[in-house]
Amino acid sequence: FKGDWLLNLPKTRTWFNDQLKNTMFPLLSHLFPEIISSPSVLRAHSVSLLKYNSSHPRTDVHIDNGILAMTLAMTPSNDYVGGGTFFEHMGVENVLPMDVGHGTFRPGSVRHGGHRVRSGTRYILGAFLLIADRVEHV
């Protein structure tokens with residue numbers, strides 16, 4: 001379940017972006033008006049379903065490739081122990097609680113990581129968002 005899976009499914013990618021146009025993109029346009037002129041210019045370009053468990057327990061601190069990035073929790077928080085998204089500037093022990101359906105949005109340059117899942121399985125949807133009128137290939 002890892003990789004740019006929507007990139008390889010054009011109809012699903014179009015559907016996903018259409019869903020975000022009515023929900024997340026207006027919110028992001030409101031939160032980041034200095035970089036998003038209108039919700040209609042946003043596109044989810046690289047989208048992956050990430051699985052964390054004992055075989056792939058965590059993600060090291062990194063930045064994302066995109067103007068903005070989002071992480072959406074796809075698993076109820078009581079299905080796993082440990083894990084969770086943290087932002088380096090807030091302290092690596094300050095994990096953001098995210099139950100299923102909750103998410104975070106941030107500039108792609110914000111350093112973050114995922115703590116180790118000690119038991120169970122945690123899925124998140126990670127997406128890199130680009131601005132269509134600034135990037136040629138979206």
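Where a number appears in this text, it was derived from the coordinates with a stated rule and is not lab data. These numbers come from a predicted model, not from an experiment. Virtual Cβ from ideal backbone geometry, glycine too; neighbours counted across all protein chains shown.
What share of all Cα pairs of the chain, in percent, falls into each consecutive 5 Å distance bin? Pair shares across the bins are 2, 10, 19, 24, 19, 15, 8, 3, 0. The distance between label points at Leu7 and His56 comes to 1.5 nm (points 7 Å beyond Cα on the Cα→Cβ vector).
Placing a label point 7 Å from the Cα of Thr121 along the Cα-to-Cβ line, the residues of the range 41-73 whose backbone N sits under 16 Å from it are 49-58.
When shorter helices are ignored and each DSSP H run of at least 4 residues is given -39500 (n - 2.57), the per-residue value for the chain at 222 nm works out to -4500 deg cm²/dmol.
Spin-label model, Asn78/Leu96: points 7 Å from Cα along the beta carbon direction are separated by 2.4 nm.
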